[in-house]
Amino acid sequence: MTGTLDRGDSPAGRTRTRPAMTGTLAGTGVLVRLALRRDRWLLPLWILGFALIAYSTAAAGAELYPDEPSRVAAATALNATASMVALFGRIYDPASLGALSLIKYTAFMTAILAVLMVILTIRHTRGDEESGRLELLGGGRLGRDAPLVSALAISFATSILTGLLSAAALSLGGLPGPGSLAFGLGWAATGMAYSAVAALAAQLTASARAATGLSIGVIAVTYGMRAVGDLAEPGPSVWSWLSPIGWNQQVRAYAGDHWWVLSLPLALCAVLVPAAFVLRAQRDLGAGLRDERPGPARGQLSGVLGLAVRLQYRVLLAWCVAFVLFGVVIGSLVGNVADFLSSPGAQDLMRALGGPRALTDAFLAAEISIMGVIAAAYGISAANHLRSEETAGHTEALLGTATTRLRWASSHYAVALAGVALLQLLTGLSIGIGAASAVNDGELVPRSLVAALAQIPAAWVLTSAALAVFGWLPRLTGAVWVLLLGLIALGEFGVLWNAPEWLMELSPFRHTPLLPVDAEGIPALAALTITAALLGALGYAGWRRRDLAA
Amino acid sequence: MSNVVEMTGVVKRFGTVAALDGLDFQVAAGEVHGFLGPNGAGKSTTLRLLLGMLRATSGSARVLGLDPWHDVATLHRRLAYVPGDVALWPNLTGGEVIDLLGRLQGGQDRARRDRLLQTFDLDPTKKSRTYSKGNRQKVALVAALATDAELFLLDEPTSGLDPLMEDAFRGCVRELRDQGRTILLSSHILSEAEALSDRVSIIRAGRVVESGPLAQLRHLTRTSVTADVASVPPGLDLLPGVHDVVVTDHRVSAQVDPAGLAPFLQALTAAGLHALTSQPPTLEDLFLRHYGPAGSLETARR
């Protein structure tokens with residue numbers, strides 16, 4: 001810098017010698033520029049992606065619901081379906097085109113935005129710290145708080161840009177301006193709130209993976225809280241008001257525009273961000289909140305299966321807790337189902353379809369099949385440990401011993417398959433017990449349990465698909481997620497898109513028998529299990545003949 | 001069976017790039033064999049091929065008389081491997097990793113394991129996440145050296161170790177050799193291979209370009225001679241086998257082929273020799289001989 005050499009008395013000279021940023025903030029600008037350079041493709045893609053989705057949804061909504069009666073009919077039907085309310089929330093003005101078109105975006109898409117903000121924030125804080133990159137930079141003049149400040153600056157700016165661009169896109173798509181601004185600012189403020197959550201989590205744990213897991217856990221729990229709150233009668237209960245995602249719904253864009261609610265996520269930021277800085281000031285670089293404690297000098301792990309369990313059980317435990325909580329809550333909502341279908345016409349229809357039990361069956365079947373899809377997501381993530389272990393170089397050390405490829409691959413595959421089965425067992429039990437205690441009908445426990453267990457083969461097909469991709473196209477293990485999302489979209493919108501029947505039939509979830517499950521479902525379940533086994537065998541065959549990644 | 005490792009005409013392609021290009025390579029039983037080459041020459045690829053982690057595009061490879069691709073389980077019970085880039089599970093302790101690898105190997109000598117921990121001054125209770133590069137290397141070394149293997153495949157085993165630990169490592173290797181075990185040691189650190197190896201092979205661009213006992217390879221290169229003489233005789237650079245003659249006042253230095261040493265020294269003695277230093281060819285010279293002309297090593301140094 002020439003600034004230090006230039007000690008002239010002219011005002012210009014003095015401005016240049018002014019200490020730019022010293023102390024704990026030194027180097028913030030450099031870090032921001034570095035982060036923008038690293039994410040120069042990622043960030044524009046995210047921001048434009050959200051704006052594009054917003055625009056196309058606004059435009060499509062006007063075509064789908066051309067007049068007020070069609071909107072009111074659709075909104076009333078959605079508000080009357082408990083599973084939709086649990087998943088997406090309520091429409092607070094049935095006549096509003098915006099509120100109806102964006103129903104899937106106020107909570108669901110907001111949660112996805114929150115996940116992206118968590119990933120972004122952790123990546124530039126704990127991620128860089130764990131990898132040692134910050135240490136590399138810290139040798140220069142880098143203040144203690146600079147990484148956190150620059151990470152938050154990037155996350156906040158990304159949230160705000162996403163919100164503002166989406167607001168513009170929504171009004172371009174034909175929706176009213178004030179509502180669009182409220183909606184966009186809702187996304188911005190919620191994105192900022194979860195960035196702050198991630199900033200705090202990054203100070204608590206020593207590994208980026210744990211910090212991301214903790215933050216995403218917060219998103220999942222707050223999402224569940226608002227589901228409980230939204231399902232309460234009447235209107236949102238206190239549970240919705242305890243969740244930042246719930247706040248975003250209570251902004252009620254296009255349905256009254258409650259601007260003051262936007263202050264809640266900002267207030268949360270004002271609490272969490274200083275807390276993160278206080279925690280950062282109290283710890284060493286690279287350390288978590290707790291000191292790293294010494295572990296055993298002797299190992300008890302007896303083989304690769306023991307290792308796979310050791311590497312995966314914490315995550316599986318977290319999934320189990322989430323599934324049980326979610327299951328009990330969802331199950332206990334069965335009592336509300338009848339109230340939900342308050343329109344006499346809907347209740348008559350349901351009764352005609354199979355009596356009052358059909359109401360609870362339909363509700364439980366919908367929830368259990370959602371849990372089945374989520375269990376498949378667990379199966380994929382657990383099976384993809386194979387690839388992450390390989391690229392981390394851990395597999396090389398193991399295959400250097402007398403361990404065969406087959407035995408090693410079986411370890412994580414077995415954990416994935418068993419984990420899926422365990423999750424569905426817990427789903428069935430918790431939904432069943434929740435439902436049984438809500439309506440005093442003990443028979444709901446075995447009914448729910450059988451229905452949940454019937455979801456296992458379909459989830460195994462996806463788990464085994466992950467193994468097949470690992471065996472043959474190891475660089476594309478991420479593609480299994482695309483497959484899962486495609487199948488979900490096909491199930492959700494396939495009819496709407498006029499998708500050909502054979503394509504719809506490709507989804508394993510479509511072949512899973514729904515409640516009530518009886519002997520007629522056995523052939524389909526057997527076929528799914530055989531498909532899973534064949535995909536697994538295919539994966540093994542590929543893995544046995546390919547090179548280990550360097 | 002005299003050769004523990006036997007590779008003939010091995011080719012390994014990654015896409016269009018031939019990492020190994022007709023590699024012939026032998027390691028005899030009971031020797032410490034130095035496997036030398038610069039980064040990217042194909043050392044790690046060769047070792048990973050010998051471990052069945054990669055499959056040869058063509059050619060044949062036998063390890064302990066077995067096929068490294070098909071007989072993995074039987075073969076790996078008899079060998080131990082230290083990868084070039086040691087990656088450990090961050091939340092396991094060093095001790096847990098050592099014991100796990102030992103069990104997977106089919107058992108390790110507990111007393112030997114504990115002795116090695118002392119030798120390498122490694123705390124096994126620390127989480128792997130907190131280990132430095134050198135300490136991660138030690139974990140892999142202890143796990144491998146504590147086993148009862150016949151063949152040790154060590155890929156740049158001392159990278160990250162401090163000189164004291166390098167010394168400890170050398171002691172361990174000599175001990176293993178005295179027990180009659182075979183050690184294949186890849187390295188780009190010449191002094192390390194020079195200090196330990198009975199024989200060396202030099203790999204360049206996927207081929208072994210030179211292989212033999214160190215003593216024999218030394219004949220292939222020039223001795224560096226510096227002499228102080230009363231008066232420098234003319235025409236030294238015209239002697240056969242004498243190169244790069246530099247004269248400053250009464251001092252002569254030159255690079256001399258083995259065959260040219262006798263006439264060169266006679267000429268110096270006749271000129272009134274006061275002092276003489278000669279340096280035997282180092283592996284550095286061997287390297288320069290093989291990599292210098294292509295410029296690969298020299299380019300890398302610039």
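Remarks
- Selection of the range B:19-44 for residues being touching a residue at least 40 places away in the same chain (Cβ under 8 Å) and within 14 Å of chain A (Cβ to nearest Cβ) yields B:Ala19, B:Leu20, B:Asn39, B:Gly42, B:Lys43, B:Ser44.
- Within the range A:158-181, the residues that satisfy the criterion of being small (Gly, Ala, Ser), surrounded by fewer than 24 Cβ atoms within 10 Å (Cβ to Cβ) and at negative phi are A:Ala168, A:Ala169, A:Ser171, A:Gly173, A:Gly177.
- Scanning the range B:100-136 for residues that are outside any helix (DSSP H, G or I) and of a type outside the set (Asp, Glu) gives B:Gly106, B:Gly107, B:Gln108, B:Phe120, B:Leu122, B:Pro124, B:Thr125, B:Lys126, B:Lys127, B:Tyr131, B:Ser132.
- Selection from the range A:408-446 of residues that are crowded, with 17+ Cβ neighbours inside 10 Å and under 30 Å from B:His70 (Cβ atoms): A:Trp408, A:Ala409, A:Ser410, A:Ser411, A:His412, A:Tyr413, A:Val415, A:Ala416, A:Leu417
- Elements of type helices (runs of 4 or more DSSP H) in the range B:204-302, at least 1 residues being modelled with pLDDT of 80 or more and touching a Pro at 6+ places or on another chain (Cβ under 7 Å): B:261-270
- Flag for B:Ala146 being modelled with pLDDT under 90, buried (at least 24 other Cβ atoms within 10 Å of the Cβ) and more than 10 Å from every other protein chain (Cβ to nearest Cβ): no
- Scanning the range B:124-151 for residues that are of a type in the set (Lys, Arg) and closer than 17 Å to B:Arg112 by Cα gives a single hit, B:Lys138.
- Filtered by the rule that a residue be surrounded by fewer than 12 Cβ atoms within 10 Å (Cβ to Cβ) and either modelled with pLDDT of 95 or more or in a helix (DSSP H, G or I) (or both), the range A:447-502 gives A:Arg475, A:Val482, A:Leu485, A:Glu492, A:Phe493, A:Glu501, A:Trp502.
To keep it simple, each residue is scored yes or no on (1) touching a His at 6+ places or on another chain (Cβ under 9 Å); (2) of a type in the set (Asp, Glu).
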| site | (1), (2) |
| --- | --- |
| B:Arg77 | no, no |
| B:Tyr81 | no, no |
| B:Trp89 | yes, no |
| B:Gly95 | no, no |
| B:Asp99 | no, yes |
| B:Gln105 | yes, no |
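- Residues in the range B:81-96 that are within 7 Å of another protein chain (Cβ to nearest Cβ) and farther than 18 Å from A:Ser388 by Cα were compared, and the one that is nearest to the chain's Cα centre (by Cα) is B:Tyr81.
- Selection status of A:Trp259, away from chain B (no Cβ under 14 Å), free of Cβ contacts under 8 Å to residues at least 60 places away in the same chain and farther than 30 Å from B:Leu100 by Cα: no
- Taking the range A:165-187 as the range and being closer than 21 Å to A:Cys269 by Cβ and touching a Gly at 6+ places or on another chain (Cβ under 6 Å) as the test, the residues that pass are A:Ser166, A:Ala167, A:Gly184, A:Leu185, A:Trp187.
- When residues of the range B:46-73 are limited to those that are assigned to a strand (DSSP E or B) and either modelled with pLDDT under 90 or within 13 Å of chain A (Cβ to nearest Cβ) (or both), the one farthest from B:Gly30 (Cα to Cα): B:Leu66
- Considering (1) under 21 Å from A:Ala402 (Cα atoms); (2) within 14 Å of chain A (Cβ to nearest Cβ); (3) modelled with pLDDT of 90 or more; (4) assigned to a helix (DSSP H, G or I), the lone condition that B:Leu184 does not fulfil carries the number (4).
- Flag if A:Thr512 is polar (S, T, N, Q) and either within 14 Å of chain B (Cβ to nearest Cβ) or touching a Phe, Trp or Tyr at 6+ places or on another chain (Cβ under 8 Å) (or both): no
- Matching residues, the range A:505-525, being among the aliphatic types (A, V, I, L, M) and in contact (Cβ under 8 Å) with a residue 40 or more places away in the chain: A:Leu514, A:Leu515, A:Val517, A:Leu525
- Qualifying residue in the range B:107-115 (condition: within 7 Å of chain A (Cβ to nearest Cβ) and either buried (at least 23 other Cβ atoms within 10 Å of the Cβ) or of a type in the set (Asp, Glu) (or both)): no
- Per-region count, the range B:161-178, residues of a type outside the set (Asp, Glu) and not in a helix (DSSP H, G or I): 1
- Restricting the range A:355-412 to residues that are within 14 Å of another protein chain (Cβ to nearest Cβ) and of a type in the set (Asp, Glu), the residue that is farthest from the chain's Cα centre (by Cα): A:Glu396
The values are calculated or read from the model by the stated rules, or taken from the named source; none is laboratory data. Just so it is clear, the model here is predicted, and its values are computed rather than measured. Reconstructed Cβ throughout: ideal geometry from the backbone, glycine too, with neighbour counts over all protein chains shown.
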